[in-house]
């Protein structure tokens, strides 16, 4: 499959690389690293990484603007379904490739590489570079490392396998980059965000079924002088609470007229509940964009009922084992 992708890359002189709406470090890092690798390998090609950016991730590199082209290749990274592709019309390209690590939702590209056991899209791009004649340099390797670290939450998830560590070891050995500097770029944050995290800790509601959640209104966002994206991303900071199995942030985004729900899990598979609300994601990391807090609370109630059944199932299994 990797050689098939490389063959298509060789074939086209114009290549556009897109990813999902709502940019995150893995999505942006994988598209920028792949763009730069193709340009390094084939300097004569025109290669564009497109999508709506975020000031928070400018350290990863610059995105491109492009016009419609005839006979162009589209590569979509880190996106399982067509409706979530940002800034690219799949049907207007001569050929399309999907490179993704989410559970399969739908086929919408001509060639699809899906490795849902990979911890990140960046891990797949690392493997693509390793198994083909695509070239790499220190800057590309650093970008891929940042995306992988972000999506694996610093190698905490079970999706980090022996292959993950082998690829990281290979890239560290070949390109000798400073990981402490990269961690600083990825995780340094202003004091007001730390104070909002404290607010979340103090005000998180925890149900008897081990669901933790917090509503972050526009008023709270303004009180702490943060943006809604930063507030929602704090869901990753609450992994190790004994009383919580699943946790969620419900964040009001006035600018885009939506309420974003980000969900994480330490065991139960929650992506199907997110899909019920036109969201989705991984088994233990998912989300949805909704129209109101009422709709968000319906999702929260579904999660709570799901957890109730999940815990009852665990108790029954323990009784049977004994």
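Using Cβ counts within 10 Å as a stand-in for footprinting exposure, how do 73, 245, 166 rank, fewest first?
Listed from fewest to most nearby Cβ atoms, that is 166, 245, 73.
Using Cα atoms only, what is the angle between the long axis of helix 2-11 and the major principal axis of the chain, expressed in degrees (0 to 90) to the nearest 10?
The helix 2-11 is inclined about 50 degrees to the chain.
Which whole-number percent is the relative contact order of the range 2-186 (Cα, under 8 Å, 6+ apart)?
Averaging sequence separation for qualifying contacts and normalising by length gives 23 percent for the range 2-186.
Report the gain in length on full extension from residue 90 to residue 257: 0.36 nm times residue separation, minus Cα-Cα distance, nm rounded to one decimal.
Length gained, residue 90 through residue 257: 57.5 nm.
Give me the percent relative contact order of the range 127-245, please, defined on Cα pairs under 8 angstrom at least 6 residues apart.
RCO, the range 127-245: 21 percent.
Could you tell me how far the Cα centroid of the range 59-90 sits from the Cα centroid of the range 211-229, in Å?
Taking the Cα centre of each part, the range 211-229 and the range 59-90 sit 30 Å apart.
Report, to the nearest 10°, how far helix 121-131 tilts away from the longest principal axis of the Cα atoms in the chain, using its own Cα long axis and a range of 0 to 90°.
30 degrees
Would you kindly state how much longer the chain becomes between residue 175 and residue 293 on full extension, computed as 0.36 nm times their sequence separation minus their alpha carbon distance, in nm to one decimal?
The span from residue 175 to residue 293 would gain 37.8 nm if fully extended.
Determine which residues of the range 66-82 fall in the zone a paramagnetic label at residue 116 would reach in this model, i.e. backbone nitrogen under 13 Å from the point 7 Å along Cα→Cβ.
80-81
Pull up the DSSP beta bridges for the chain and report the antiparallel fraction as a percent, rounded to 5.
Taking every DSSP beta bridge within the chain, about 45 percent pair in antiparallel fashion.
To the nearest 500 deg cm²/dmol, what mean residue ellipticity at 222 nm is calculated for the chain from DSSP H runs of n ≥ 4 alone, each contributing -39,500 (n - 2.57), summed and divided by the residues?
About -13000 deg cm²/dmol.
Work out how much length residue 218 to residue 194 would gain on full extension: take 0.36 nm times their residue separation and subtract the Cα-Cα distance, in nm to one decimal.
6.9 nm
I'd like to compare 173-185, 15-27: which one has the highest average count of other Cβ atoms within 10 Å, and what's the full order after that?
Final packing ranking: 15-27, 173-185.
Treat the count of other C-beta atoms within 10 Å as a stand-in for reagent exposure and order 98, 255 from fewest to most.
Neighbour counts put them in this order, fewest first: 255, 98.
Suppose R0 equals 56 Å; then what is the FRET efficiency for residue 301 and residue 13 from their Cβ-Cβ distance, rounded to the nearest 0.05?
0.60
Using 18 Å as the cut-off for backbone N distance, which residues of the range 175-194 belong to the label zone defined by a point 7 Å from the Cα of residue 154 along Cα→Cβ?
Output list for this probe position: 178-191, 193-194.
Whole angstrom only: what separates the Cα centroid of the range 266-322 from the Cα centroid of the range 231-261?
14 Å
Taken together, the values in this text are just the output of simple stated rules run on the coordinates, not laboratory data. Nothing here was measured: the structure is a model prediction, and the numbers come from that model. Backbone-built Cβ (ideal geometry, glycine too); neighbour counts: all protein chains shown.
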